[in-house]
Structures are given as structure tokens and as C-alpha cells.
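Chemist: Could you have a look at this structure, given as C-alpha cells, before my questions?
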Amino acid sequence: MLPIRGTIEQRKYERIVSQLQIKFYVIDGAYAQQLRTEAAYKDTHLDKLSASLRPSTALTGVTENISQGGLSLVSDQPLAIGTMVICDITVPSLPRPLRALAEVAHSDSKDGRIVDRTVSIYKSGLKIIAINKDDLTRIENYIIDEKIRQRQGGK
């Protein structure tokens, strides 16, 4: 979503346009709280996180843009504002997905239900709530690399 002409976009982190594959799991509030309180969540590796209990139904989508603080998700799954999700973000240059706990901050399907059967794509803005420090560094480096690549004309 582009800002309206003449307005100043107020974001804490700069975002870049980037289409990355994402696998996400809708989780309940209790599980999200458990992840937030585990210090290891921010200091562990993906293999240890994978061993922790998580929902088994994986949903898929693509990012429209990404920043250190969140991402824009496009998927065939409507998500309600406030929904908590675990995201596995695939960055082509990295050997493993990045994992983050995120909350749906805005959605074109505010209540998370399918209202219009002719609509098959839904957009949601996800705010990153918790992320492994290594994965945050990988996102920062990816953003820097992509900005350089885009400024050089996509080479």
C-alpha cells in the first residue's frame, strides 16, 4: 500500500519491495505468550524452535515488502487483526528460513472470514513481535543487499 501523495509515511524501519515465499502458522494467544516469555526464542537457532510444539497446519503466501519490524503478506487465507502467527520466511540466498512471531496489524479481511467468494487473495500487514537475533541480523543484511542491488538496476 503506497502512502497518499503529500503525506509522510511514519515507520520505524525502512522497508523494501521484495517477494519472498513465506510459510505461516496461526497460533493462539497462550502459545504466542509462551514464545514471547522464552528468552531462548530470541537467542536460539531454528532447529531448536522447530522442536517446540507448534500448529501443524502450514499456510503459504508471499511478501510484498519487508522491513526489520514487519512485512506485508499476500495469501489466499484471510487473517483477522490481532491474529498471532509464526512465520518461516524463505530468503533465496540463505540456507534456512528466517523465523518470527508476528501479529496481524492490519488486514483487508478485518474479521478473518471469507465474505466475498470472488476474492481469492488477501493482504495483511504483519508486525514482528519476537525474532531470533541471528535472524534479525539476516533480515537487516538482506534489506541492505537488496537496496544496493535495486539501486544498481537489479544486476
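Chemist: Find how much the distance from Thr137 to Tyr25 grows on full extension, using 0.36 nm per residue of separation minus their present alpha carbon separation; answer in nm with one decimal. Don't jump to the answer; show the numbers that get you there.
Modeler: On the way: separation 112, 0.36 × 112 = 40.32 nm, distance 2.26 nm.
Extending this stretch completely gives an extra 38.1 nm.
Chemist: Measure off 7 Å from each Cα along the Cα-to-Cβ vector at Glu103 and Ser75, then give the distance between these two points in nanometres to one decimal.
Modeler: 1.8
Bear in mind that the values in this text are calculations on the coordinates, not laboratory data. Keep in mind it's a predicted model, so treat the numbers as computed, not measured. Because the Cβ atoms are built from the backbone with ideal geometry, glycine has one as well, and the counts that use them run over all protein chains shown.
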